[in-house]
Amino acid sequence: MSSNLRITTRSHSQALANNLRRLAVDLSETQRSLMHLPLQFYKIEQNIQLVKQLIKSVDGQSVQEDKVSSNSPSETYVTKREVCPEKFMGNDSSYGSPFYRKGFEGEDCTDYVPIYELVTMIVTSPKELSPENLRKVFEGIATYYPRVPVIFTSNKTLKAKRLKKTRLNHLMFMAFDDLTHGETWSKLLKKVTTPYVLFAPDITYFTDDVNLEHLVRVLSENKDTIIIGGSHKNQRGEWDNSCRQVQFRNWTAYFADGYYHSFNDCLECDVLLGPFMAKTKKLQDLGIDEKLHFGAFQDLFWRLKLKHPEKVVASCPDVMFDTYEQEVPDEKFVHLTQKWDVKKWVESNGRVRWYGCRRGGHAHDNKSSCGISATGLAVPPCDLENLADMVKFIMKECENAGIYCEVMEGSQLGAVKLKKVLPWERDADIQFLSENYTAIQKLRPRFEAAGYKFEDRKGTECCTDGRKTSGIFVIYRNGWGVDFYGRPKLESEMLVANGQQPTKVMFAVQWVTAMRNPGLSSRNRYGPNIYRHVEHWYYIGMKSGGMRYKSGVFTKCPKPGHIGCLNQLRPDGNLPSGDSFVT
């Protein structure tokens, strides 16, 4: 009898496990339809994981990960490897230090397709770019991708002779009257025969920050991802991850900074602001509206969001393009807004554009902390605002005094991910040029007059490559400390020496100087999945910030249901925000 009971129990358990598996599949299919509703997407994901845990407890077998999850917004597929896989080489934070130009390396493989058989570049240059600097753009392409086909488009045919002298193996020159017209881009797209096409309008430099292999890898491995871009840095040095979300309500297009979730260290977006790579055949099938005089790419992104929501647009911020940002007057978008019946256009920076009709904060400053931070709880917004103010004050003083300073570590990561202070911060980190140590000492009266405590903790040392090194200051106020570290070299100094603008990131509504490619250096510093969230290393029991730890999960809240609990938030994608800080 006991034998029959065991058989019956096993049979019932198997039936239950099978039913749970079917439920997991149904939930996954439902989740696909919620790709652009991040909160609902995440809640379904939590339920899927719960069902998988139940299955494992019933029959002891793990469930194969569904391809559509918060970790991967599109089905991963590879019919043939087109580029070699990459591997993160850093076991700790010393690898790639101090600039973190390396961290992820391509693995050796033999079954790949040469990049020049995969990608065609369509390039335009701004009219403001001198012939000499234009030549440097193509010399840059020739240095890193000499055999990749390039279609250079200009309305100035006199440049054609100059470009024939470049080292590019496959350069086609085409002239059009209007480089921003939809018909121009449509004709160019029809010329492309490679599987992927890179649209690179108004680029001003081409360096090793442009990693075509990374973009191809993401497109190749994710079936529903059809457009992938990167961050961009404009002529003023202002860096942006290029990722925007857009909602259409009440005759209005609302744009917002942020991303739905991440995959392959890239961010899912609705709209990209800079250059992008696309799957050629998919884009040719979608088409570019030839009737639009301006805004053809915006139209493309809007169509994808509204009519093809299953398709994914993403940005990989470690791939960075140098571009010339043009001021776009409202009238440029008239035809686009007429097509979509948009009467009001609200930019992510607050700018409002009107079409068809027109109609004519408190300081958070306390002597002490607003609250007590703890594991599992977000830092109160008043504290975050105070820390942001400290960083902005220091960076502005550096700029006014002509001192090279850069935000670094978690402070740069907050700017890269959220353009703000991370909501679990314990401090801030800034690095300065050790040669400027004495100049910073002279700023003490200005800091003290503004209410800051200025601690000169350690002097400089000699020498690294003939340069002073080290030097530490700590700036205190309102319960916060900002660590200020001396370095023998900074990338901002190198950029200026090379005739370029230092890179600036948006940090709590102020542009502050950062490392040359903030997306790349942050990814190499922290490793895979940096766009998933995790609390400060101190709160989760790590011995130092140089250790590797898992992201994408928040710790248990010590006060369940409290408004400050981090585990009420999605561990990937946007976080609810105030004006200049995360709440």
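The values are calculated or read from the model by the stated rules, or taken from the named source; none is laboratory data. Please read these numbers as outputs of a predicted model, since none were measured by experiment. Glycine gets a Cβ as well: all are built from the backbone with ideal geometry, and neighbour counts include every protein chain shown.
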Looking at the structure I just gave you, is A256 more than 27 Å from K550 (Cα to Cα) and under 15 Å from the mean Cα position of the chain (by Cα)? yes
Which members of region 436-452 meet the condition of being part of a helix (DSSP H, G or I), touching a helix residue (DSSP H, G or I) at 6+ places or on another chain (Cβ under 9 Å) and over 14 Å from Y476 (Cα atoms)? N436, A439, I440
Extreme residue, nearest to V210 (Cα to Cα), among residues of region 322-348 that are at pLDDT below 90 and of a type in the set (K, R): K344
From the list Y254, Y260, which residue is farther than 26 Å from K102 by Cβ and touching an Asp or Glu at 6+ places or on another chain (Cβ under 6 Å)? Y260
Can you name the residue in region 170-227 that is assigned to a helix (DSSP H, G or I) and among the aliphatic types (A, V, I, L, M) and is also surrounded by the most Cβ atoms within 10 Å (Cβ to Cβ) among such residues? L215
Only unsatisfied item for L273, checking (1) of a type in the set (A, V, I, L, M); (2) surrounded by fewer than 24 Cβ atoms within 10 Å (Cβ to Cβ); (3) over 13 Å from the mean Cα position of the chain (by Cα), is (3)
